Amino acid sequence: MTTRPFQSTETFIACFQEQLAKTYLVDPTHSSIRQRYNVLGTLVKEALASDWIKTNQQLALGKQKEVYYFSMEFLMGRLITNNINNLGVRSIAEAGFSKLGFDLNEVENYEPDPGLGNGGLGRLAACYLDSMASLKVAGFGNCIRYRYGLFRQVIKNGYQEERPDNWLSDGYVWEIRKEEECEDVPFFGSVEIINGKAVYRPSGFVKAVPYDVPVVGDGNGFVTCLRLWSAEASRKYPKNRTAMDYEMDLQKLSGFLYPDDTTLDGKQVRLMQQYFFSCAGVKSICHKHKAKYNTLDNLAEKVVFHINDTHPTLIIPELMRFLLDDEGYEWDQAWAIVTHSMAYTNHTILAEALEKWPIGVIQPVLPRIYQIIEEINQKFCDQLRKQYQAREELIQKLAIIANGVVQMAHLCIVACYSVNGVAKLHTEILKTMEMNDFYRLYPDKFHNVTNGINHRRWLIHSNPELTAILDDSIGDSWHKHPEDLIKFAAYADDHRIIDRLLAMKKTRKTILAERIYQDRQFVIDPDAIFDIQVKRLHEYKRQLLNALHIMDLYNHLKTDLDFRKNYFPHVFIFGAKAAGTYYFAKKIIKLINTIANKVNADSETNSFLKVVFVENYNVSYAEKIMPAADISEQISTASKEASGTGNMKFMMNGGLTIGTEDGANVEIHELVGDDNIFIFGMTAHEVTNLTKEKTYHSEDIINTDDDLSLVLKQLVNGFFTEVDSLEFRDIYEKLLYDDCFFVLKDFAAYKHAHLLANDTYKDRYRWGQRMVINIANSGVFSSDRAIMEYVNTIWHL
Ligand code: NBG
């Protein structure tokens with residue numbers, strides 16, 4: 001194309017027409033939304049190409065340090081809006097489309113929302129990539145190009161059903177296949193020792209093909225990328241597989257994203273996926289580095305490998321393998337490079353999420369890698385014995401390999417120069433409890449970087465109404481310096497601003513209500529309180545507490561007229577996917593939908609109380625939901641939620657939190673003070689102690705709380721006429737006999753927090769003041785701040 005499409009409205013229209021004709025042989029009036037989307041995407045990609053090339057050239061010349069962020073998940077959301085905005089071409093695209101009679105929003109909404117992640121961890125990685133590009137930090141993502149993302153959720157008869165997320169069905173306009181940069185990844189086979197050197201003979205290879213997706217910085221001409229690896233047939237074909245079997249293996253390797261519960265089923269495939277992208281990523285970084293510097297001696301000076309949770313841990317032994325076997329380094333030299341270039345972030349203390357690979361699984365699949373892990377372990381244990389005079393008992397506890405399993409977190413802590421938690425409380429728990437022995441061994445390795453969210457996506461793009469209020473009051477410096485949002489605190493007594501904030505909330509609630517109506521043909525009133533809990537479905541997140549509380553509210557509304565008089569109408573909104581094999585979580589979805597059917601159908605109370613479960617909650621749905629909440633539910637059992645990031649998104653959009661002292665809620669609480677958040681329930685300390693003491697019996701609570709006792713009975717006594725009375729028996733029994741997340745223990749406190757919120761909301765002006773305080777203090781939760789902390793305290797770029 002000779003003309004630059006985004007020079008003017010005219011050039012845009014001309015280029016658009018030309019491209020449309022070239023690709024699809026249609027003129028604009030006969031084009032479909034799909035065609036318009038693909039053509040617009042192509043023009044935007046062309047527009048960012050020169051910046052992308054320039055950035056790569058600068059980085060090649062500049063020889064600055066780079067960071068490679070390895071993560072099994074990147075929940076990028078739609079990129080078109082981001083790219084158009086960050087390139088600064090929105091006004092031209094908008095004007096051009098309006099002349100052509102098209103709706104830009106409609107076309108933007110056509111983009112598939114790739115579900116390459118489960119939840120917070122994957123979305124965090126995406127926010128971090130955006131911040132890196134926007135702050136001109138040379139950072140790149142590494143992940144798998146899953147053919148199918150996390151399932152698409154359908155609710156049928158109140159139950160979750162999982163459908164394939166076929167996000168690549170029509171191609172992906174942003175990606176660029178880099179055939180020239182493929183890497184072979186070996187699997188299985190045997191290792192021989194020849195002249196004291198290990199020689200690995202894999203039984204076969206898989207070709208890893210990189211697809212690069214650009215990540216465009218905010219108006220700064222800087223473009224980095226997310227590299228997605230796809231598995232294809234290698235020329236070095238495994239001898240013992242038929243073509244058909246081999247094709248099946250490949251499909252599994254980059255076929256599906258695993259949901260975040262780890263069942264034994266499919267463990268080997270998951271491990272192979274982890275090695276697949278770890279190996280390809282490490283090799284390609286090393287090859288690039290060698291081409292640039294002619295040596296790997298200075299790798300640790302120029303490269304940081306960041307390990308996002310333990311899933312990419314295998315980059316540690318893989319880099320060792322590469323240096324030892326392919327490059328001929330001695331162990332100590334190689335180990336020095338590895339241990340000076342790797343950093344690890346821990347995202348959970350939940351035992352079931354801390355990865356442990358049975359030796360019987362890892363050794364046959366990755367024989368050479370397993371050998372290297374064994375040697376690392378051996379040397380580490382020897383060092384504990386000699387240098388620290390550690391007792392055998394402690395050595396057993398800290399060992400990387402013990403009781404027949406490889407503990408990936410231990411490997412990370414031993415090999416990485418930095419280990420960080422994702423919120424102050426979480427890091428404290430790591431240091432004083434979960435990883436205390438390691439902390440005493442390596443106190444200097446431990447850091448905290450509280451998570452952050454990308455304020456460009458979660459405020460500027462998702463909430464233009466609030467953005468306008470902020471720009472009019474405090475100017476727009478906060479777009480580049482989100483910490484400037486604090487200036488907004490000066491408006492806490494400004495009636496005009498508070499009126500505008502309340503109007504903004506109403507607008508955003510109306511927009512969400514329309515979306516919900518489109519999806520579920522269900523009407524909700526934007527004048528009611530929107531009380532929202534959206535996140536993965538997990539017992540520790542306690543959607544069940546929320547559900548039981550709604551049942552209790554309903555009982556009161558039915559029987560207590562005074563209560564009804566005092567109750568401000570509420571709409572409770574849920575959004576959550578449960579892992580397909582997580583039986584209990586799926587039951588909770590069914591319960592929420594059953595409660596919804598019951599209360600929504602009751603004409604006596606449904607002007608006060610409605611319940612909606614939105615289907616297929618994902619990033620683009622979240623963009624509509626986050627700005628629309630009056631109340632944000634962050635009610636995990638204290639100590640269990642490492643940070644949470646939804647809590648920050650709601651806060652930034654003026655939602656007030658009902659929450660436990662958990663994860664980043666603690667820091668939100670510190671910032672806004674007691675009056676501007678509704679904190680309730682047990683503290684992390686209390687949870688830990690009570691768990692240890694084993695003295696908690698939920699029956700004792702039920703026996704003294706008639707309301708709660710009634711709610712529990714209703715789970716099983718035919719109260720829900722649409723289901724069999726056995727439907728929720730398991731929930732009932734779990735609560736009664738094994739309430740390990742203290743749902744019932746926190747029930748009364750939760751109820752009280754809700755009453756307080758209800759009363760507070762009635763004074764709309766005071767509520768608006770609280771919104772101001774929350775918004776003003778949310779700047780520190782920008783991912784720009786988090787990335788700068790990584791840059792300064794961990795990556796040292
Ligand atoms: C999740 C935590 C959240 C946290 C995100 C991002 C995993 C393993 N962990 O609390 O549960 O906000 O990580 O750090 O998904």
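Bear in mind that the values in this text are calculations on the coordinates, not laboratory data. Please read all numbers here as calculations on a predicted model, not as lab measurements. When we count neighbours, we look across all protein chains shown, and the Cβ atoms used for this are built from the backbone with ideal geometry, even at glycine.
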Compactness of region 520-625 - radius of gyration and Dmax, Cα, Å: 14.0, 44
Debye intensity ratio I(q)/I(0), log10, region 277-419, q values 0.15 Å⁻¹ (C-alpha model): -0.76
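Using the per-residue mean of other Cβ atoms lying within 10 Å as a proxy for protection, in what order, highest first, do the peptides 429-435, 551-557 fall?
Descending mean neighbour count gives 551-557, 429-435.
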Selection from Val209, Pro443, Pro526 lying farthest towards where the dipole of the chain points positive, charges on Cβ: Val209
Dipole in debye (nearest 20) - the chain, about Cα centre, beta carbon charges: Lys, Arg +1; Asp, Glu -1: 1540
Selection from Leu411, Asn220, Ile631, by position along the positive dipole direction of the chain (Cβ): Asn220
Rg over Rh [alpha-carbon atoms, Kirkwood Rh] for region 1-150: 1.01
Per-residue [θ]222 nm for the chain (sum of -39500 (n - 2.57) over DSSP H runs n ≥ 4, rounded to 500): -14500 deg cm²/dmol
Packing-based exposure ordering (other Cβ within 10 Å, fewest first) of Glu633, Glu539: Glu539, Glu633
Packing-based exposure ordering (other Cβ within 10 Å, fewest first) of His426, His479: His479, His426
Footprinting exposure proxy for Met651, Met408, Met248, Met788 (fewest neighbouring C-beta atoms within 10 Å first): Met248, Met788, Met408, Met651
Listed residues Asn774, Leu708, Gly580: farthest to the positive end of the dipole of the chain (Cβ charges): Gly580
Over region 1-144, relative contact order from alpha-carbon pairs under 8 Å, at least 6 apart, %: 32
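Percentage of Cα-Cα pair distances in the chain greater than 53 Å, rounded to whole percent? Spell out each step's value before the answer.
Working: 39779 of 317206 pairs.
In whole percent, the long-distance tail amounts to 13.
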Mean separation of Cα contacts under 8 Å (6+ apart) over length of the chain, as relative contact order %: 12
Arg152 long-range amide H proximity, modeled H, under 5 Å: Arg163, Asp165
